[in-house]
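See below for the structure under consideration.
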Amino acid sequence: MSGPRERLRSAVDDALSGLRSVVRIARWETSRSAGVVDRQTAILGLVALLLAGAVGGAAMATGGVALDRDVYRIGVGDDSPYHEVVRESPALAARPPDLDRLGRGVEVVVRPDRFYVADSTKARAALSTFRSAVRRHNLNAMRNERNESAAFPVVVTLRYAEQTPDEDLTAGSGAAGGSGSDSGGAGTGSDGDGSDGDGGDGGGAGFDAGSGSGGAGATGGSAGDGPLGVPGFGGVGGLLGGGGSSGSPADISPPFPFGALVLAFVFFIPMNFVIQPYGSSILNERINRRGELLLVAPVSPSAIVAGKTLPYLALLVGITAVVALAIGGGPVSIAAVAPIATLYLAATFVGGMFARSFKELTFVTVSISVFLTSYAFVPAIFTNVTPIALISPLTLVVHDLQGTGVTAAQYAFSTGPFYVGSAVLFLLGVGVYREEDMFTQRPVPLKFLDALNSRISGRRSVAVLSALSIPFVFIAELLAIAVLFVLPVEVSIPLLLVAVAAVEEVAKSVHLYAGFRGPFAGRRGWKMALALGALSGLGFFLGEKLTAIVQFVGLPNLTLGRAAFTSAGVAATPAVGLLLLLAPLALHATTTSIASLGATRDRTAYLSALVPAIAVHAAYNLAVVSTLG
């Protein structure tokens, strides 16, 4: 009994000792990073931040900064019901209703009998903006009515239904703009330039430019201009989609990607600032050889890396929490963005370990920022349209802000690749956190091969590395689906099949190429190449089964989803998936063995061997997709 108890106590003591070491290193990293910025720089930065906040607050308090303020001049009298409309719109400027100045000083002149529009492109744009302003004014007036059912007798609710390839949609079907009724409401109207309206007993402004209240004609007016003079920036609803999905016909508008763009930058800009000092700290230890002090300390490399990363991760999570709460988010938003921050730090850590100079580190961090921002932003555009959006954790933030809820399967699908990918990157980086790699000036590709070799200890490790590559393969394939989604199916399917084959073959064989220049350098025979290729294919096959989570988010119901994942044994029905269970195993073992034979020689032979391996893999994918649809 004493043996297991002693071992448990020893394990607990070791864990506590390691935790204390991590906390100690984190405290040292925090004080060192804070000491890099001198007091004068910190004061100047604080002053600049306060000035920016004061300017932004003053702009918001005074109605915002409109990029198109007073662009169009409308001639309207002070006693006209349209004068208030012009005054409320930032893009319109009120001028005296002088017909002699039409086309020279004003674009539109409002008279009691009609509207007069100059013969120019700018005048027609001014009329369109004026029309939208009138509609917006009328809608606001109706929203203030106590009897809501009388003000809005028609209420429309949009529900996005999935479109299957068998559906035959003809032009004019769907939710096109209806004829509607005149949206002029109460007020004074006129009949110039396609506009007509009848006077009423209210104080509102009537305006009808030949369209009803339904359809897309009224969309622009209902959306309005926000504090920055851009469309759809009103409140959280406008921030997320640019238009509502329920309300009067004039309130309905299709999803607009501007909200997703705003969300992406709100969360990602702080990350770009935080990873800069983190990467610089890693590279400084290598260039100035200050990391030798930590290497000779009785602390494991993983504890060192954890301690150096912890302050930056805590800072990013704190910033994420503040941003999420500021835009109306909750714990789901924080939990969705946290893995993105972790992957940012993991990729930056690997870049800091591989880079030879700050110039290379800058290139790495910029590449990381561009790729991860694109990966999160592009799919989030389709949040309310297709399951493809769920490949981005940013989509979970949108669902949280919209109050639609997030399931456990959706969270795992969106964030799982980020969590596992972060762990793999830290694992590779820790593998080269040693003196022979930290203080040598080797090119980045060779450092990457060294990182792979540090995790190869035998034949079994080859299969493990192949399985660990699944998160990166998953991310690359999902990004390919999102990018090719907009292309015609007859074009996107072949391109996707080739892209999937190329990504998977490189992931299965690149560590074999590294191994034949490391642990397996003295055993480059064809038998060893075939054995390692089969093991790598087996490991990838087992890890690939984890992609079955796509079943729970409906991705195989899409044409591109079926093309990407059916060949991996993930099918629309369990029976088909069972039939495809063993075929991918034979495929991966065969194609990886082909690439492994080339990897035993040199880089040119390896790249040449990848070509037939990719061709065989793509042909298999095409056969499966063509047979199973």
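The sole residue among ALA314, ALA306, ALA297 that is over 19 Å from the mean Cα position of the chain (by Cα) and part of a loop (DSSP other than H, G, I, E, B) is ALA297. The set of residues from segment 512-543 being open to solvent by 50 Å² or more (accessible area, probe 1.4 Å) and assigned to a helix (DSSP H, G or I) comprises TRP526, LYS527, LEU530, LEU535, LEU538, LEU542.
Restricting segment 580-595 to residues that are within 35 Å of the chain's Cα centre (by Cα) and touching a residue at least 60 places away in the same chain (Cβ under 8 Å), the residue that is farthest from GLY525 (Cα to Cα) is HIS588. Picking from residues in segment 439-455 that are of a type in the set (Lys, Arg) and open to solvent by 50 Å² or more (accessible area, probe 1.4 Å), the one that is farthest from ILE282 (Cα to Cα) is ARG455. When the helices (runs of 4 or more DSSP H) confined to segment 403-498 are screened for residues that are under 19 Å from the mean Cα position of the chain (by Cα) and outside the structural domain of PHE377 (by TED's automatic domain parsing), those reaching at least 1 such residues are found at 470-484. Being open to solvent by less than 10 Å² (accessible area, probe 1.4 Å) and farther than 22 Å from ALA423 by Cβ holds for only one residue in ALA297, ALA389, ALA336, and it is ALA389.
Of all residues in segment 333-356, none satisfies being in a helix (DSSP H, G or I), among the basic types (Lys, Arg) and in the same structural domain as PHE273 (by TED's automatic domain parsing). So, of the residues in segment 302-313 that are surrounded by 17 or more Cβ atoms within 10 Å (Cβ to Cβ) and not hydrophobic (A, V, I, L, M, F, W, C), which turns out to be nearest to MET438 (Cα to Cα)? The residue in question is LYS308.
The condition of being of a type in the set (Val, Ile, Thr) and open to solvent by less than 60 Å² (accessible area, probe 1.4 Å) holds for only one of VAL110, VAL155, that being VAL110.
The values are calculated or read from the model by the stated rules, or taken from the named source; none is laboratory data. Owing to the predicted nature of the structure, the values given are computational and were not obtained by experimental measurement. We place every Cβ from the backbone using ideal geometry, glycine too, and count neighbours over all the protein chains shown. Ligands, DNA and RNA are excluded from the accessible area calculation, which covers all protein heavy atoms including side chains. Shrake-Rupley method; radii C 1.70, N 1.55, O 1.52, S 1.80 Å.
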